[in-house]
Every structure is written in structure tokens, then in C-alpha cells.
Amino acid sequence: MIHVRKSGDRGHFDHGWLDTHHTFSFADYYDPDFMGFRALRVINEDRVEAGRGFGRHGHRDMEIVTVVLEGALAHQDSTGGSGVLRPGEVQRMSAGTGVVHSEMNGSEDEPVHFYQIWLLPERAGITPGYEQKAFAPRDGLQLVASPDARDASLKIHQDVDLYRVKVGGALRFDFREGRYGWVQVARGSVTVNGVALAAGDGARVEKEPAIELGGSGELLLFDLN
């Protein structure tokens, strides 16, 4: 079954400096039908104007993954982790027992457009940590985060595989028995088992042994326990 979450149905707030869309309930946006899916708790699509951002604030017991689509995002946290995240790079921060961090637009001239994902960790009280990695552009499926850090992916503390996918024709992804999926379209227009999705759309995948991807675009694919 493919259950579509249309882009326009997401929570949306325009704060001037921040234009944000929430796939699941977050902050002042509450929808009891969209509190998350499996280990996925937050999928936010944010656009932050030049020179602005999120000042120091705290998190705990959450795996936070950030993917920049355009621009640059500057990160600093209380573990000593820091870096500027650009397109092609992916960042993982384990909040664990508690971390304080800031995320600012790394440019004084250009906006930054990014997705931030929160995953419930496999257990509470993980030691906080930070990791950032550049992935060479490629077509097809590219594993960027996993619980075992295989194929040079980032390590996350949850049984979730996250793929960055560039679709330019027919692709197939096979799920292991008992697994679930979430597809989030970042750019372009794609089909998932014949269901059409546009940029900003998401889809919950249940009881499907595989998905066939078509069209032309970029998406994030979550393989979930």
C-alpha cells in the first residue's frame, strides 16, 4: 500500500526569515494522524534566508540527519562538532544524553534550502556525537546513513537505512520481509509503483515487497524496521 502525503497538506509556517514545511507534527503544528511513522519522528523542509538561522538550543535522545539541497548550513554543537554543510553532504548528530547546537545559514548573500530528519534512537542515553560526510554525485540508489555504517555511510543509532536516490529512469528497491518505507521527494516528479509524486510529496509504504521508481527527480528513501 502506498499512502501519499501531499506537499500542500503538510504543516506550513512562513516566519519571514524561515519558510518551513512539516510532514509530521512539530512545534506549533499538530496533526494526530501524522505524529511520525515507525522510527521517523520529523521530516522538515526548511528555507532560511541569508545571514539568519537557529541559535543555540538543546536536544536529547534523538538521531538528527540533515541534507542540504541548495546553499550552505553552518553547524556548531557542544560536543565540539562543527562544519558547513553543502549540497552533496549529509550530517548526523546524535543528541543522546543532551547536546546544544546552532544551525545558521552559512552565507550572507544566498538562502539555504534543506531537509532535517529526526529519528527515534534505538535506546535512550546514547553518548552525543556528530558526523558529516560528502557523497559523490551519482545516479540511482546511494546509501548515506545506516546502523552499521556500511558502504561508507554515516552511522545512525536505529535500524533504518537512508538512501539518497536520483531517478532518471526505472529503478527497483526490494524490501526485506517485514520492513516499511517512506519516500520523500526533494526535486522533480517521480512515480512509486505507478503513483505520481511531485517535489515536497511524501509516501508511506506498507506491505509492499518492492517499489518501482520512475520519472525524473531526487528523493530520500527510508527503509524502516
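The numbers here are math on the coordinates, done by the rules we state, and not lab data. On a predicted model such as this, the values are computed, not experimentally measured, just so you know. All Cβ positions, glycine included, derive from the backbone under ideal geometry; neighbour counts span all protein chains shown.
For this structure, a couple of remarks:
- Strands (runs of 3 or more DSSP E) within segment 1-98 that include 1 or more residues free of Cβ contacts under 8 Å to residues at least 40 places away in the same chain: 11-14, 18-22, 73-77, 82-85, 89-94
- Only one entry in ALA186, ALA196, ALA203 is part of a strand (DSSP E or B), in contact with a Lys or Arg (Cβ under 7 Å, 6 or more places away or on another chain) and of a type in the set (Gly, Ala, Ser), namely ALA203.
- GLY178 being surrounded by fewer than 18 Cβ atoms within 10 Å (Cβ to Cβ) and more than 15 Å from GLU212 (Cα to Cα): yes
- Number of positions in segment 22-44 that are in contact with a Ser or Thr (Cβ under 7 Å, 6 or more places away or on another chain) and of a type outside the set (A, V, I, L, M): 3
- Selection count, segment 142-179, where residues are part of a strand (DSSP E or B), among the aliphatic types (A, V, I, L, M), out of contact with any Phe, Trp or Tyr (no Cβ under 9 Å at 6 or more places or on another chain) and free of Cβ contacts under 8 Å to residues at least 60 places away in the same chain: 2
- Residues located in segment 100-141, provided they are among the acidic types (Asp, Glu) and assigned to a loop (DSSP other than H, G, I, E, B): GLU108, ASP109, GLU110, GLU122, ASP139
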